[in-house]
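Q: Below is one structure. I have some questions about it.
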Amino acid sequence: MAVPKRKISRTRRDKRRSNVWKLEAPAFSKCTQCGELKMPHRVCPNCGFYKGREVIKKEA
Ligand SMILES: [Zn+2]
């Protein structure tokens with residue numbers, strides 16, 4: 001069975017148990033068409049544009 005070679009220090013152990021390393025800001029990018037915040041690699045929910053062309057037609 002694999003056994004750890006070194007004792008993990010209190011700092012490393014407590015760091016692992018704390019949630020500092022789990023925190024991550026949600027990914028968001030600005031739409032190139034309307035400047036609205038949108039999720040990357042997704043069609044913009046505001047104007048329906050993706051990669052510079054209209055993907056979803058918006059009903060007026
Ligand atoms: Zn947009």
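Q: Just checking, does the stretch 4-26 include any residue being part of a strand (DSSP E or B) and either within 16 Å of the ligand (Cβ to nearest atom) or of a type in the set (A, V, I, L, M, F, W, C) (or both)?
A: no
Q: R42: of a type in the set (K, R), out of contact with any Cys (no Cβ under 6 Å at 6 or more places or on another chain), at pLDDT 85 or above and more than 16 Å from the ligand (Cβ to nearest atom), yes or no?
A: Answer is no for this residue.
The values are calculated or read from the model by the stated rules, or taken from the named source; none is laboratory data. These numbers were taken from a predicted model, which means no experiment stands behind them. Counting neighbours? That spans all protein chains shown, and the Cβs are built from the backbone with ideal geometry, glycine included.
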